[in-house]
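Input: a single structure, listed below in C-alpha cells.
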Amino acid sequence: MTFETTSSARGGGTGGGARGDDGDDGYTPSARRLERERYKRARARRATAVAALSTLVTGAVLYLVITGSPGWQRTRETFFSAEYARMALPEVLDGLLLNLRLLAVCGVCVLVLGLLLAVARTLRGPVFFPVRALATAYTDFFRGLPLIICLLMVVFGVPALRLQGVTNDPVLLGGTALVLTYSAYVAEVFRAGIESVHPSQRAAARSLGLSNAKTLRYVVLPQAVRRVVPPLLNDLVSLQKDTGLVSIAGAVDAVYAAQIIAGKYFNYTPYVVAGLVFVALTIPMTRFTDWVTARMDRRRAQGGTV
C-alpha cells in the first residue's frame, strides 16, 4: 500500500510508469524492505566472519599438529626444501611444455575419436550391428583397462613387435595410450548426450524431410554436445593430470624432470614442486568447468536453449 500511494502521488495517477522531471521512477522502498535488506547484509557479514574464523582455527590446528609431530623436521627437509625447490622449478617448467603439448594434441584426438565412437554406438538398423558391436567392445575394454597398464602395453609392447614404419618415440606411444583410454570415456559422455535428446526432435526433423544423417548432424548433435560440455571439461582436466604418466616411458616431462633431480640428490621436494605446478594448472580449468555448469543450469532454469 505504501508503494501504490507514493507512486500515485508522484506520478499523477497515470498508468504504468509515470516518471518525474529528473527521470526518477517514483519508487520509494518501504521501511519493511529496508529492514529486510539490512538483515540480509548483517547475516552475510556474520556468515563471512564465522567462515573466516573457522578457517583460521582449522588451519592453526593443522599447523600445530603437523609441525609438532616427531618427524616434522626430517619431513620438511626431505619434501619442503626451499633450496631444492628453486633448483627443480626451471627443469619442471621445461618439462611441463611437453605435458601441455600432449594435452592439446591428445585432447583434440580424444574428442574426435570419442564422438565417432558415440555416433557408431547410436546408429540404428540391423545393417549397422557390426559397427555398434565393435564400438561397444572398444569402449568396454578400454574403460575397464587401467590406464597405467595400457601405457605399459603400448609403450613397451609396440616396439617389441619390430614393425616397419611404426614409431618407437615414447611421447607418441604414450600419447596414443592416452587417446585410446580417454576416447572410451568421452564416447560414453557423448552417447549420453545423444540419447538425452528427445525422440520428438528426430521425428520433427524427419517430418521436415531431413535424412537420418542430416537429422543427426543438424538437430541431434548440436543439442547433445551443448548438454555434455561440463563433463567433457572434467575429462580434459583428468587428461591434463594423466599426461604426467608418459614419464614411465622415459619422456622428459614435468614428472620425469622432478624424478631426475630427486634421484640425483635423494630429496623429494622436486615431486612436490611438480605436483603444485599441476595443481596450479588444474584449478583454473576446474573453476571454468564450474562456471560453465552454473551458466548452463541458469539457462535451463530460465527455459533457454541448453
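Listed here are the residues, each with its yes/no results for (1) β-branched (V, I, T); (2) closer than 28 Å to L232 by Cβ; (3) in a helix (DSSP H, G or I).
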site	(1), (2), (3)
T55	yes, no, yes
L64	no, no, yes
R74	no, no, yes
A135	no, yes, yes
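Quickly run through the range 145-165 and pick out the residues that are open to solvent by 60 Å² or more (accessible area, probe 1.4 Å) and either among the aliphatic types (A, V, I, L, M) or part of a helix (DSSP H, G or I) (or both).
I148, I149, L152, M153, F156, A160, L161, L163
Which of the numbered conditions does A120 fail, given that it passes all the others? Conditions: (1) farther than 30 Å from L281 by Cβ; (2) of a type outside the set (V, I, T); (3) free of Cβ contacts under 8 Å to residues at least 24 places away in the same chain; (4) out of contact with any Leu (no Cβ under 8 Å at 6 or more places or on another chain).
(4)
Quick one: V186 ticks every box in (1) surrounded by fewer than 19 Cβ atoms within 10 Å (Cβ to Cβ); (2) part of a helix (DSSP H, G or I) bar one, so which box is it?
Result: V186 fails condition (1) only.
I'd like the full set of residues that are open to solvent by less than 50 Å² (accessible area, probe 1.4 Å), closer than 30 Å to F288 by Cβ and assigned to a helix (DSSP H, G or I), limited to the range 189-223.
V189, F190, G193, I194, L216, V219, V220, L221, P222, Q223
Could you check the range 224-306 for helices (runs of 4 or more DSSP H) lying wholly inside it with 1 or more residues that are of a type in the set (D, E) and open to solvent by 70 Å² or more (accessible area, probe 1.4 Å)?
Output list reads 269-301.
The values are calculated or read from the model by the stated rules, or taken from the named source; none is laboratory data. Owing to the predicted nature of the structure, the values given are computational and were not obtained by experimental measurement. Cβ: placed from backbone, ideal geometry, glycine included. Neighbour counts: every protein chain shown. What goes into the accessible areas is simple: the full protein's heavy atoms, side chains included, and nothing from ligands, DNA or RNA. Shrake-Rupley method; radii C 1.70, N 1.55, O 1.52, S 1.80 Å.
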